[in-house]
Amino acid sequence: MTSQPTRHDLTRRYAWLSFLQWLPVGLTIVPLVLLLLDRGFDLGQIAALGAVSAVTVGVLELPTGGLADVVGRRPVLMLSALIHAIALLLLGLAASLTLLVVSAALRGLARALSSGPLEAWYVDAVQASGHRAAADDAYLTTGLARGEFAASFALAVGTVGGGLLPVLVSDLAMPVPGLAVPVLLGAGVEIVRLFVTSGIGDPAGAPGTWWSAVRTVRVTIGSGLHLAGRDALILRLLLVGAATGIALGVLELVTPAWLGQLAANTEWAALAYALLATAGFAADALGAMLAPATRRGLRTPARAAAAATAVALGGALGLMAAPALERLGALLMAGTAYVVVFLGLGIAGPPLGELLHGQVVAGQRATVLSMQSLVFQIAGAGGGLVAGWLTLRGGAAAGFAVAATSMAGALAMLVAAPTGRARSGGQ
């Protein structure tokens, strides 16, 4: 007879699955833009592919959440791994725009499928494990934090690997470009995730039918739109999220392309961007650790969020100025500014979350978070399209100007934000 897994077993599985889920994403961060540039596509086309993926995520994120509630977490997680493996194989091997569009759409679908079921599975499994301590909120918080750490670690490892692998294999005779190697490795990791996920237990999902899931999604979307429309602070916070999505979309598109122009070849550009992106992840983590002290020092979450957004704006302005400098000076300025952007965003995240949750009762929390993710994805796609078009015509400085403008807009919205109202009960 197989013994029931303990809460520690469940936490280890959750952390391991979190690592496997985000490692392929990290492996593709660096080579994605450079690989497509190497195949002859311009920034406008690459931005359009990014938009296909982002819009797919935005459109399907809420429906796939309902799907996981109806059929269970494990089948949806397995499907996401399989679809992402196919998408990465297409990205690594295909040269036609049509197949790359298919790959982008599949990557968006896989992201939508995997955006919530893993965490939901962990909470369900811990609460169903039968251990008295398993229901303790403190333990759940610790377990979820370990999953977040595993995800961040996977992104950092993947980013470094995605930049280093093309350099290491550049002198080898291979049937694919060196920049495709991390992408194809990511597909292999997804196959591993598929088999690991197949072995986890899956507490029964909520009873219901496909039609009940569709009706739930419709109600969720309507409720979120209604809430955002009647609450001025929530609307401003959603717009701040949109501005952040624009800025990050611009950085992910323009930075590697610009480094590709400065570097001797695309492999070294990939390594440079890998190091820079890893530094950004570290700065974001440091910012999150500094957020509580910033919140205490400035006394309100609104002030802390505004101050941190001002820091991010300063970094974006530094990126906008970097292309005007000589090569070494430009690299130093860009590296410093990039880290400052992520430091500011890392500090801003927790107080922004406090502001948002202060306006929302428990029954509305998931709805508003889904709306926030949707706005973030769509705004990031639109920002990438605009930045790609401007970069083609005005250079990297014009693209970075989009990020600076969006962060300035976010700061203005936070400075003018209304005072949040207190909620009693149900939070």
Selection within region 58-77 - free of Cβ contacts under 8 Å to residues at least 60 places away in the same chain and crowded, with 22+ Cβ neighbours inside 10 Å: 64, 76
Looking at (1) closer than 28 Å to residue 36 by Cα; (2) surrounded by fewer than 21 Cβ atoms within 10 Å (Cβ to Cβ), which is the one condition that is false for residue 299? (1)
Residues in region 48-63: is at least one hydroxyl-bearing (Ser, Thr, Tyr) and under 21 Å from residue 384 (Cα atoms)? yes
Failed item in (1) crowded, with 18+ Cβ neighbours inside 10 Å; (2) under 25 Å from the mean Cα position of the chain (by Cα); (3) modelled with pLDDT of 75 or more, with residue 224 passing the rest: (3)
Could you tell me whether any residue of region 270-283 is touching a Leu at 6+ places or on another chain (Cβ under 6 Å), closer than 25 Å to residue 154 by Cβ, assigned by TED's automatic domain parsing to the domain that holds residue 348 and not hydrophobic (A, V, I, L, M, F, W, C)? yes
Those residues that are assigned to a helix (DSSP H, G or I), touching a helix residue (DSSP H, G or I) at 6+ places or on another chain (Cβ under 6 Å) and at pLDDT 70 or above, I need them from region 350-372; list them, please. 350, 351, 352, 354, 355, 356, 371, 372
Looking at residue 309 and the list (1) surrounded by 21 or more Cβ atoms within 10 Å (Cβ to Cβ); (2) among the polar types (S, T, N, Q); (3) at pLDDT below 85, which single condition is not satisfied? (3)
Can you name every residue in region 91-120 that is more than 18 Å from residue 193 (Cβ to Cβ), among the hydrophobic types (A, V, I, L, M, F, W, C) and assigned to a helix (DSSP H, G or I)? 93, 97, 99, 100, 101, 102, 104, 105
When you scan region 78-93, do you find a residue that is in contact with a His (Cβ under 7 Å, 6 or more places away or on another chain) and surrounded by 22 or more Cβ atoms within 10 Å (Cβ to Cβ), even just one? no
Qualifying residue in region 13-22 (condition: surrounded by fewer than 18 Cβ atoms within 10 Å (Cβ to Cβ), at pLDDT 85 or above, more than 18 Å from the chain's Cα centre (by Cα) and under 27 Å from residue 277 (Cα atoms)): yes
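Please state which one of 28, 11, 64, 56 is part of a helix (DSSP H, G or I) and more than 22 Å from residue 109 (Cα to Cα).
The match here is 11.
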Residue among 294, 244 that alone is assigned to a helix (DSSP H, G or I), in contact with a Pro (Cβ under 9 Å, 6 or more places away or on another chain), polar (S, T, N, Q) and in the same structural domain as residue 233 (by TED's automatic domain parsing): 294
With the condition kept exactly as written, say whether any residue in region 301-316 is in the same structural domain as residue 345 (by TED's automatic domain parsing), touching an Asp or Glu at 6+ places or on another chain (Cβ under 9 Å), assigned to a helix (DSSP H, G or I) and over 20 Å from residue 409 (Cα atoms). no
Scanning region 30-42 for residues that are touching a residue at least 12 places away in the same chain (Cβ under 8 Å) and surrounded by fewer than 23 Cβ atoms within 10 Å (Cβ to Cβ), which turns out nearest to the chain's Cα centre (by Cα)? 36
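The values are calculated or read from the model by the stated rules, or taken from the named source; none is laboratory data. It should be emphasised that the depicted structure is a prediction, and the values quoted were computed from it without experimental measurement. Note: ideal-geometry Cβ built from the backbone for every residue, glycine included; neighbour counts use all protein chains shown.
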